[in-house]
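K.L.:
Supplied in structure tokens, the structure appears directly below.
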Amino acid sequence: MAKKIGVFTSGGDAPGMNACIRAIVRCGLQRGFDMFGINDGYRGLLEDDIVQMTRHSVSEIINRGGTILGTARLPEFKELEVQKKAVEILKRYGIDALVGIGGDGTYRGLAALSKLGINTIGLPGTIDNDVGSSDFTIGFDTALNTIIECVDRLRDTSSSHQRCSIIEVMGNRCGDLAAYAGLATGAELTITPETPITKEAVIEFLRQQRAEGKKHAIIIISEKITDVHEFAREIEARCGFETRAEVLGHMQRGGTPTASDRVLASRMGVYAVDLIAQGLTSVCVGIVNNQMHYYDIEKAIELPRHSSAEFVRMSTMIG
Ligand code: ATP
């Protein structure tokens, strides 16, 4: 009997998730597996929202942002009783392996299911690049390019009006989006969770910049560090530099995936199906030095996230 494989997306959506679903479904079918899509993450699994997929189910999605399977957050999935119910449903469908695309929360759910006897594989799909077992996550490159486009636009107006712009980007306590964006846009200052700086030091820095004749400044800051609107008012009041705050928000999550994300997502999808064909599960997939790797999912969750401190240091030298 053909192996049955389930696939779902979970946590925040990320551009490239569709390219990944497409690769998993098409590669699985090629290998003679029966492929099932689970809608809306762990919530859909518990609601028995599972559909069989054909090659046509994933036609014309490689270029689309978001996820055709939908995604959701279901905090109750941390409870053993809820996980057991999911196992029951998966067994009823005869699912031999479950592939989840998401961030570290999704991995925790997969690790829990794995302990309950389900064969699982995790793939890193999140714009935040906060998965320690992979150099890059699916969606990071697209989000980064979106941020760069927004910052370039803000730079035009900031420069024309001789203002300081403080721009908050996502990252879920991982500074990669801010650090890469800082370097790529020539920001005067980049503030990330890994490279904290006091408000006093920021204000002093801007005072110095003004004294040196600098007419505008771009500050990129990771989310969850401070209230940027309040901070902008404080900067303006204390050093006279007209300052505007911009929170880029969910705009960073959407849009057509870049070539880099489509390629990464497709490589990871094919690799995951290859692992299943070899009988390797309870693992997650990562890219390290441009090579596909797999890790024990439990150990992967404990790995430290990358530090973007070196990028911030470089950007400070040339900003
Ligand atoms: P993103 O990085 O985009 O936020 P994520 O996968 O980390 O993605 P979370 O909301 O943290 O997003 O997790 C997704 C889902 O995984 C949760 O809504 C929950 O259903 C499940 N989950 C998270 N943590 C656990 C856990 N400790 N045990 C079991 N399931 C979990």
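K.L.:
Which shape class applies to region 1-138: rounded if a/c is under 1.5, otherwise prolate when a/b exceeds b/c and oblate if not, where a ≥ b ≥ c are the square roots of the Cα gyration tensor eigenvalues? Spell out each step's value before the answer.
P.N.:
On the way: a/c = 1.58, a/b = 1.06, b/c = 1.49.
Verdict is oblate for region 1-138.
K.L.:
Right, something else. Just to verify a number: what accessible area does Glu188 come out at with the full protein assembly present, 1.4 Å probe, Å² rounded to tens?
P.N.:
10 Å²
K.L.:
For the pair Lys91 and Ala211, what calculated FRET efficiency results from E = 1/(1 + (r/R0)^6), where r is the Cβ-Cβ distance and R0 = 51 Å, to the nearest 0.05? Spell out each step's value before the answer.
P.N.:
On the way: r = 69 Å, r/R0 = 1.36.
For Ala211 and Lys91, the calculated efficiency is 0.15.
K.L.:
Right, something else. Quick check for me: using +1 on Lys/Arg Cβ and -1 on Asp/Glu Cβ, what's the dipole size of the chain about its Cα centre, in debye to the nearest 20? Spell out each step's value before the answer.
P.N.:
Working: 35 positive and 40 negative charges, 108 e Å.
My answer is approximately 520 debye.
K.L.:
Using only the heavy atoms of the protein chains and a 1.4 Å probe, how would Met251, Met170 rank by accessible area, largest first? Don't skip to the answer; put the middle values down first.
P.N.:
On the way: Met251 115, Met170 20 Å².
Ranked list, largest accessible area first: Met251, Met170.
K.L.:
I would also like to ask the following. Using the Kirkwood radius built from alpha carbon pairs, what does the Stokes-Einstein equation give as D for the chain at 10 °C and 1.306 mPa s, in µm² per second? All intermediate terms of the calculation are to be shown ahead of the outcome.
P.N.:
Details: Rh = 20.5 Å.
Reported coefficient: 77 µm²/s.
K.L.:
Comparing Gly105, Gly171, Gly12, which has the greatest mean-square fluctuation in the GNM of the chain with Cα pairs linked when under 10 Å apart?
P.N.:
Gly105
K.L.:
What is the diffusion coefficient of region 185-319 in µm²/s, taking the Kirkwood radius over Cα pairs and the Stokes-Einstein relation at 37 °C with a viscosity of 0.692 mPa s?
P.N.:
My calculation gives 178 µm²/s for D.
K.L.:
Placing unit charges on C-beta atoms (Lys and Arg positive, Asp and Glu negative, everything else neutral), compute the dipole magnitude of region 225-311 about its Cα centre in debye, rounded to 20. Present the calculation step by step, with values, prior to reporting the outcome.
P.N.:
Working: 8 positive and 12 negative charges, 58 e Å.
Roughly 280 debye for region 225-311.
K.L.:
Now, a different point. Quote to one decimal, in nm, the extra length available between Asp274 and Lys78 on full extension: 0.36 nm per residue of separation minus the C-alpha distance between them. Before the final figure, lay out each step's value.
P.N.:
On the way: separation 196, 0.36 × 196 = 70.56 nm, distance 2.91 nm.
Separation in residues times 0.36 nm, less the Cα-Cα distance, equals 67.6 nm.
K.L.:
List the lysines whose alpha-carbon lies under 26 Å from that of Lys199, not counting same-chain residues fewer than 8 positions away?
P.N.:
Lys214, Lys215, Lys224
K.L.:
What whole number of Å gives the distance from the Cα centroid of region 32-83 to the Cα centroid of region 166-241?
P.N.:
Their Cα centres are 39 Å away from one another.
K.L.:
Would you mind estimating how fast region 143-249 diffuses translationally, via Stokes-Einstein at 10 °C and 1.306 mPa s with the Kirkwood radius over Cα pairs, in µm²/s? Each step should come with its number before you reach the end.
P.N.:
Details: Rh = 13.5 Å.
Reported coefficient: 118 µm²/s.
K.L.:
Hey, what do the phi angles of region 224-238 turn into as Karplus ³J(HN,Hα) couplings, whole Hz, using 6.51/-1.76/1.60 and θ = phi - 60°, x for Gly and Pro?
P.N.:
6, 9, 7, 7, 5, 5, 5, 5, 4, 5, 5, 4, 4, 5, 8
K.L.:
Taking θ = phi - 60°, what integer Hz values does the Karplus form 6.51 cos²θ - 1.76 cosθ + 1.60 yield along region 290-303, in sequence order, with x for Gly and Pro?
P.N.:
Karplus-based 3J(HN,Hα) across region 290-303 equals 6, 10, 6, 9, 10, 9, 4, 5, 5, 5, 4, 4, 7, 5 Hz.
The values are calculated or read from the model by the stated rules, or taken from the named source; none is laboratory data. Just so you know, these numbers come straight off a predicted model, no measurement behind them. Neighbour counts are summed over all protein chains in view; Cβ atoms, including those assigned to glycine, are modelled from backbone coordinates with ideal geometry. We work out accessible area using only protein heavy atoms, side chains counted, and drop any ligands, DNA or RNA first. Shrake-Rupley method; radii C 1.70, N 1.55, O 1.52, S 1.80 Å.
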